[in-house]
Each structure stands twice: as structure tokens, then as C-alpha cells.
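Participant: Structure in C-alpha cells, see below.
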Amino acid sequence: MRIVPQPRSIAFHLIVAVLAVELASSVLVVVLSFGYERHADFRAFEILLHGRADSVMGAVQDAEDAGDNLMLDQGDLRLPPDDVYEVYDEQGRLLGRSSNWQGAGNGIRADPQDGYANLTVNNRRYKVIRIHGTRIVDPGASGGSKVRKVTVIYGAPTDHVWKAIRGAVEFYAAGSVLLLVVTGPLIAWLLHRGLLPLRQLAAMASEVTVDAWHFDPPASARETPELAPLTEALESVLRRLERSFLQQKTFVSDAAHELKTAVAVVKSSLQLLTMKRRTSVEYEAGLERCLADCLRLEEIVSKMLTLAREESSGATPGLAGATLLKACVWETISQLDTVAALHGVQVAFAEPDAKFRAAQIALPEEDCALLVSNLLLNALQHSASGSTVEIRLVREGRDEVLQIEDHGEGIDAESLPHVFDRFYRGDPSRTRNTGGTGLGLAICKAIAQKAGGSIAIASQRGQGTTVTVRLPVAEETAVGALVAPVELGRP
């Protein structure tokens, strides 16, 4: 059976991390305190040993005998009962020793240098010091005074020193444990209080639904530097989601309306044919109307699928392919030459200047052709007979700018902001002959945005319309690589 790990909160991880740091700091403090106390206490202990050894050295006196020997006067010594000592002269004769010791051994006595050593005396750890000194014998004698060398070995148990060290370390350790016990709940409370704006932000975000898009983040989240970017990002994402959701909702509603109308027209045409017996000519005319309505229905579905494909692919300039825009314009003019002739409209493509270098735009050929053909066909359909549709292609920085200008009836100022909306048609009659599907400009906008560009329309009623498409260059190419232009429909 697979065990699913339980999620841990941010507060839990932060508390554990802070306590781990405190614990590591406490261990470090204890280790450092042990080293410091050991050094300080044993340094003081060594100074004490040296002072007591000097006291023993001071108790060495002239023995007042014929050989001018030395003696140790132990009567005036006031030393701890656990301490040990012994005194030797320069010939190695023992001058005196504490009653609780059998001696340090010849190895320590024979060392000519002062120093410290560790010994075990009566199963206890001792630290001993060895010092060398001199004594003057018969300073007032006629033959002159005599100098005698003396060695003192003095030791004391180290039990109380280690006890003091352990006491200090235990104090620091207890203080560290107490600090952890006190600061643990305090840290948990502070983190809980510090994360309150985040919980409030999450609570507000959880209230957003497909039916209620209102999102009002708390002031504490906006005023917190760490949460302010998250708050702004949530607001931006929710605004885009709301706009996208409403667009999809509107699209579905409009699509259902358009398809319902088209189906109703086909249905009514068929019902009309079945209401009474018709002649073959009437049946043929009715079936032709049904076929035309079915073709229009097919066109609506096809454009809906095209728009969905363009919008779902996202902005991926340079990844889907590249096309020479100038060649695409010439090819589209050639394909729509019969449409232009049918409407009695001429198409003029202004040649770019000599400095213009053709470049590829970040669009596949089929998308580029769809974009140009939709715009040119729209201009032809709304131009008066005998007028001219002008096409211009210029370079502005790293963009190629395509302009298509007609001199038709133009667009009302009230309709202009909505021309790129799905299923929007400026013709209020919404007839099958003039209304179209209302998806052509929406598809053009989706194609331009997918290439990383933009599209805009400027128009005045009765004076014509100008469409400006700005597309980023994908790759520079030589003019000679262009397909030879087909000059059709030119004035």
C-alpha cells in the first residue's frame, strides 16, 4: 500500500527551522562554554598550584648542621589535606614529603625544567607542578655563603575543577533548554499572527466562483511587501479569467443564436415546401434556398472552428512557421481578382520604396493568407462600385505594417469599438446577404495576436475604413528571394 505523505504547513516548516537553528546555536554555546570554562578554571588552578608550591619552597631552611644541608620546616605549612608535595635538594635527597603520598617518581624529579604533569594518586586524578629554586646557606660565614638548589613538586586533585566546569556547562545547557521551551510557543504564536494576511487572502480568493468574480483582497495583504506581488498577480489572473469566461459565455450564446437562426431558416424553408403540393420548379427553388442556408451554416461552423484554433494556440511567434508578407499580399490579390471585378472595385498595391527589404513574419502561410484575404474581402464587400481599395506595406522598426484602405460607407462611431467582437455586425438588418457571420475580424485579431502583433481599425461614416496590421519580423531575407509579383487589379 502506497503511503501518501501528509502535507506540512509553511508555519510548521518555519517553526521547525527556527527551533533547529536555536538548538544548533545552543549546542555551539555549550561546546564553547565548556572550552572556555576548562581553560579559565585550569589556568586559575595552575596559578593556585604555583602559589602553594612557592609556600613549600619558602619552608625550606638551613639545617644548621656541619654539612650545611637544608631541611623542610613543615610546622608552619597550612595546606589542604588532599594536596601532596615533596621537596628534594640538588643531590636528590628527600627533604620532606606529605604524609598521604609516596612520591612522584624519579622521572618527574629529574626533569630540569619547570612544568605541569598529570598523575593518579590514590585512584584520584591530580595535577602537579614542578618548580626549581635556590636557598642561601650561612650568609654571614667567614668563608662566604653557599647556594643550594631545591626542587619542589606540588600537586592537588582536579575533582573540584571538573565539578566547577560541569556546573558551568550544565548551567548553559539548562539555560538553552529553557530558552527553547519559552521561545518555541512564542515563535509559533508570532508566525501564526504573521501569516494572518496570507490566510485572509486565501479566504477571499476561495470565495471567487464562476458566478461571483468579485475579489477584494484585504488591506493587510496589499501592505505586506511579501504578499503585495501575490495579491496583484491574483487580481490580474482573476480579471483575465473573468474576461475570458465572459467571452466564452458570450461566444457560446452568440454561436447558439446564430446556429439556431440558421437551422430555423432551413427548417422553415422545408416546412414551407411541405405545406402544399408544389411544382418541380418551386421544389427546385426551395431546395436551392435550403442549400444556400446550409452553406451559410457550414461557413459559420467553419469560422467558429478556425477562431477556436487560432485562440487556443496562443501567442507563439516564430514557432509555427514564417511567411513573406509581400508575397502573401500579391497572391491574395490574385485570388480575389474576380471578386474585385464582380464588385467593380480596383485593388492598388503601392510598391514599397527601394530601401524596403522583404522579411518573414512569424505566421504560417495559411494563417497569413487567411488574415489578408479576410481583410481584403471585407474591404471589397463594403466598397462602392468604381472605387479603389489601396494596400500599403511599410517597415517601422522591427515590424512590417500592412494597411488596407477602402472608400466605402465606413463604420459608425458607436459600432467601431465592437468590430472585433465575435458575431458582431454593424448592419442592423442582419440579413444573410450583408450580415456575414460576424467572425471574420475576430479571426484576424486572433491571428495577429498569435504572431505577437496587433490590428486596429480607423473609420468614419461615409468616408471609408483603414485597417492597420502590425506584425513583428521573424527573419530578414533578400528581396530577390520573393515570388515574382502578379500585378492584377491594379489601377
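The values are calculated or read from the model by the stated rules, or taken from the named source; none is laboratory data. Source: prediction; values computed, not measured. Because the Cβ atoms are built from the backbone with ideal geometry, glycine has one as well, and the counts that use them run over all protein chains shown.
Participant: Does Val177 fit the bill of being surrounded by 15 or more Cβ atoms within 10 Å (Cβ to Cβ) and of a type in the set (Val, Ile, Thr)?
Facilitator: no
Participant: Same structure again: Please verify whether Arg395 is farther than 13 Å from Thr468 by Cβ, of a type outside the set (Gly, Ala, Ser) and touching a Leu at 6+ places or on another chain (Cβ under 9 Å), treating the condition exactly as stated.
Facilitator: no
Participant: Just one of Leu19, Leu23, Leu49, Leu79 is touching a strand residue (DSSP E or B) at 6+ places or on another chain (Cβ under 6 Å) and surrounded by 11 or more Cβ atoms within 10 Å (Cβ to Cβ); which is it?
Facilitator: Leu49
Participant: Here is a further query. So which of Ala358, Ala256, Ala362, Ala285 is at pLDDT 70 or above, crowded, with 19+ Cβ neighbours inside 10 Å and among the small types (Gly, Ala, Ser)?
Facilitator: On inspection, the qualifying residue turns out to be Ala362.
Participant: Right, another one. Being modelled with pLDDT under 90 and assigned by TED's automatic domain parsing to the domain that holds Tyr126 narrows it down to one residue among Ala20, Ala53, Ala40; which is it?
Facilitator: Just one listed residue meets the conditions, Ala20.
Participant: Does the range 127-144 include one or more residues that are surrounded by 14 or more Cβ atoms within 10 Å (Cβ to Cβ) and more than 20 Å from Glu46 (Cβ to Cβ)?
Facilitator: Yes, some residue in the range 127-144 is surrounded by 14 or more Cβ atoms within 10 Å (Cβ to Cβ) and more than 20 Å from Glu46 (Cβ to Cβ).
Participant: OK, next. If you take the residues of the range 83-102 that are hydroxyl-bearing (Ser, Thr, Tyr) and within 13 Å of Tyr126 (Cβ to Cβ), which of them is modelled with the highest pLDDT?
Facilitator: It comes out as Tyr85.
Participant: So is Val208 β-branched (Val, Ile, Thr) and in a helix (DSSP H, G or I) or not?
Facilitator: no
Participant: Next question. State yes or no: is Lys163 among the charged types (D, E, K, R), at pLDDT 85 or above, more than 24 Å from the chain's Cα centre (by Cα) and over 30 Å from Arg93 (Cβ atoms)?
Facilitator: The answer is yes for Lys163.
So that you can scan it fast, the table gives a plain yes or no per residue for (1) charged (D, E, K, R); (2) in a loop (DSSP other than H, G, I, E, B); (3) surrounded by 14 or more Cβ atoms within 10 Å (Cβ to Cβ):
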| site | (1), (2), (3) |
| --- | --- |
| Val147 | no, no, no |
| Val150 | no, no, yes |
| Pro185 | no, no, no |
| Leu190 | no, no, yes |
| Asp216 | yes, yes, no |
| Glu226 | yes, yes, no |
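Participant: Same structure again: Looking at the structure I just gave you, is Leu471 at pLDDT 60 or above, assigned by TED's automatic domain parsing to the domain that holds Thr323 and under 20 Å from Thr306 (Cβ atoms)?
Facilitator: Spelling it out, Leu471 is indeed at pLDDT 60 or above, assigned by TED's automatic domain parsing to the domain that holds Thr323 and under 20 Å from Thr306 (Cβ atoms).
Participant: Going through Thr431, Thr437 one at a time, which residue ends up being touching a Phe, Trp or Tyr at 6+ places or on another chain (Cβ under 8 Å) and either modelled with pLDDT of 80 or more or over 18 Å from Leu325 (Cα atoms) (or both)?
Facilitator: Thr437
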